[in-house]
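Notes to accompany the following structure.
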């Protein structure tokens, strides 16, 4: 049922809270994909026409003078990325929906399902384990690391271009030195520093993704762990017998340590 209509398997399993969440998230992902794909196609068409007007201005007039070729390229690339992210999100929700519906039919909590769900979509295994408070922590971590990776990448690109232009200006007098007061080596060191910071953010996102899977698996295995009073250790008086010198058993008094599990 969930393979045909996302969320219907959750209704069958009487998971009435998950069903609208899954259906709504899947629908939103599909709508966003179509919306951003339409915007991408529009700006890509305008970009192609603008490019033709630059290459052959006599044959193709510029119908979009308010846009520069750089702006149109940025818009088309941006909406293409948004469209791809939306499609990937819709696919992830669909797969999680199938695994969750299957796990809901099991008589016991399924650690494998929680692990697969968190591998497909981080945080979904935590929802399956009913550890809802961990979801904003996971996505907050991803958002923070992504923000700093983009910030560091921007400065890496800046110093990379400055370094390349400075090296090229040393042999080409027509090029302007972007930083005459700074040596090429200093620019190279700045470039490497910002690249290192960016790469550390990427590594952090990878580690957070792995920790999210491990956490879902561990919680799922411990969710049915028996912590009742039967798991206890007691020390009680005891009367027991030991063989005497005449091989007859004689009573002794002492204490006994008993562990129940």
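The values are calculated or read from the model by the stated rules, or taken from the named source; none is laboratory data. Bear in mind that the values here come from a model prediction, so they are computed numbers and not experimental data. Virtual Cβ from ideal backbone geometry, glycine too; neighbours counted across all protein chains shown.
Mind telling me which of the residues 93, 99, 127 ends up being modelled with pLDDT under 90, assigned to a helix (DSSP H, G or I), within 17 Å of the chain's Cα centre (by Cα) and crowded, with 16+ Cβ neighbours inside 10 Å?
127
Among the listed residues 51, 11, which satisfies the condition of being under 30 Å from residue 222 (Cβ atoms), free of Cβ contacts under 8 Å to residues at least 24 places away in the same chain, outside the structural domain of residue 124 (by TED's automatic domain parsing) and touching a helix residue (DSSP H, G or I) at 6+ places or on another chain (Cβ under 9 Å)?
So the residue among 51, 11 that is under 30 Å from residue 222 (Cβ atoms), free of Cβ contacts under 8 Å to residues at least 24 places away in the same chain, outside the structural domain of residue 124 (by TED's automatic domain parsing) and touching a helix residue (DSSP H, G or I) at 6+ places or on another chain (Cβ under 9 Å) is 11.
What residue, among those in region 104-117 that are outside any loop (DSSP other than H, G, I, E, B) and under 19 Å from residue 17 (Cα atoms), is farthest from the chain's Cα centre (by Cα)?
Restricting to residues being outside any loop (DSSP other than H, G, I, E, B) and under 19 Å from residue 17 (Cα atoms), the top hit is 104.
Quick check on residue 160: is it surrounded by fewer than 17 Cβ atoms within 10 Å (Cβ to Cβ) and assigned to a helix (DSSP H, G or I)?
no
Does region 130-157 hold any residues that are closer than 30 Å to residue 98 by Cβ and either part of a helix (DSSP H, G or I) or in the same structural domain as residue 96 (by TED's automatic domain parsing) (or both), and which are they?
134, 135, 136, 137, 138, 139, 140, 141, 142, 143, 145, 146
Are any residues in region 187-201 in contact (Cβ under 8 Å) with a residue 24 or more places away in the chain and closer than 12 Å to residue 163 by Cβ, and if so, which ones?
187, 188, 190, 191, 194, 195 - these are the residues of region 187-201 that are in contact (Cβ under 8 Å) with a residue 24 or more places away in the chain and closer than 12 Å to residue 163 by Cβ.
Taking region 54-70, which residues are assigned to a loop (DSSP other than H, G, I, E, B) and more than 16 Å from residue 43 (Cβ to Cβ)?
56, 57, 58, 59, 60, 61
Assuming residue 152 fulfils every condition listed in (1) under 16 Å from the mean Cα position of the chain (by Cα); (2) at pLDDT 90 or above; (3) surrounded by 15 or more Cβ atoms within 10 Å (Cβ to Cβ) apart from one, which condition is it?
Single failed check for residue 152: (1).
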